[in-house]
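Note sheet for the following structure.
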Amino acid sequence: MSVTIRVFDPAMCCATGVCGPGIDPELARFAADVAWLQQQGVAVERFNLAQQPAAFATTPAVKDALARGTEVLPLIMVDDRVAIEGAYPSRDTLAALAGVVVRKLPVAGGCAPKSGCC
């Protein structure tokens, strides 16, 4: 099953908000997580309120959410369902929303929990 993740961002200077001298680390993290999710084969579309207001006005769920105020942004949709409002999700949450299995690599030389090695 393939899903499409759509991100409706607040008004930002560019498509990801990662530009200029004062980069918000949360936006940089989320941009990297979106790139990772796309590398996993998931379709991700982002819409910036400043640059693509029509996408907000013509998506009924977004339009309804915005009636409560812009605090609902960023708004994350999975297909046509609103999944998250007002925050950028973690990579693990994005993966779960998209149905992507995250494989954690073992840390070389690491200690097992309660092994007493450190």
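The values are calculated or read from the model by the stated rules, or taken from the named source; none is laboratory data. Quick caveat, the model's predicted, so the values are computed rather than measured. Cβ coordinates were reconstructed from backbone atoms using ideal geometry, including for glycine residues, and neighbour counts include every protein chain displayed. These area figures cover heavy atoms from the full protein model, side chains too; ligands, DNA and RNA do not enter into them. Shrake-Rupley method; radii C 1.70, N 1.55, O 1.52, S 1.80 Å.
Restricting the stretch 47-65 to residues that are buried (at least 18 other Cβ atoms within 10 Å of the Cβ) and polar (S, T, N, Q) leaves a set whose member that is nearest to V102 (Cα to Cα) is N48. Whenever a residue of the stretch 48-72 is of a type in the set (A, V, I, L, M), its partners that are in a loop (DSSP other than H, G, I, E, B) and open to solvent by 90 Å² or more (accessible area, probe 1.4 Å), lying with C-beta atoms within less than 7 angstrom and at least six residues away or across chains, give the pairs A61/D80.
Consider the stretch 4-16 and keep the residues that are buried (at least 17 other Cβ atoms within 10 Å of the Cβ) and β-branched (V, I, T). The one that is modelled with the lowest pLDDT is T16. Whenever a residue of the stretch 17-46 is surrounded by 14 or more Cβ atoms within 10 Å (Cβ to Cβ), its partners that are among the aromatic types (F, W, Y), lying with C-beta atoms within less than 7 angstrom and at least six residues away or across chains, give the pairs F30/Y88. Would you mind stating whether L97 is touching a Phe, Trp or Tyr at 6+ places or on another chain (Cβ under 7 Å) and open to solvent by less than 50 Å² (accessible area, probe 1.4 Å)? It is false that L97 is touching a Phe, Trp or Tyr at 6+ places or on another chain (Cβ under 7 Å) and open to solvent by less than 50 Å² (accessible area, probe 1.4 Å).
Test A32 against the criterion of being modelled with pLDDT of 85 or more, of a type in the set (G, A, S) and touching a Phe, Trp or Tyr at 6+ places or on another chain (Cβ under 9 Å), and give yes or no. Working first, answer last.
Details: modelled with pLDDT of 85 or more: yes; of a type in the set (G, A, S): yes; touching a Phe, Trp or Tyr at 6+ places or on another chain (Cβ under 9 Å): no.
No, not satisfied.
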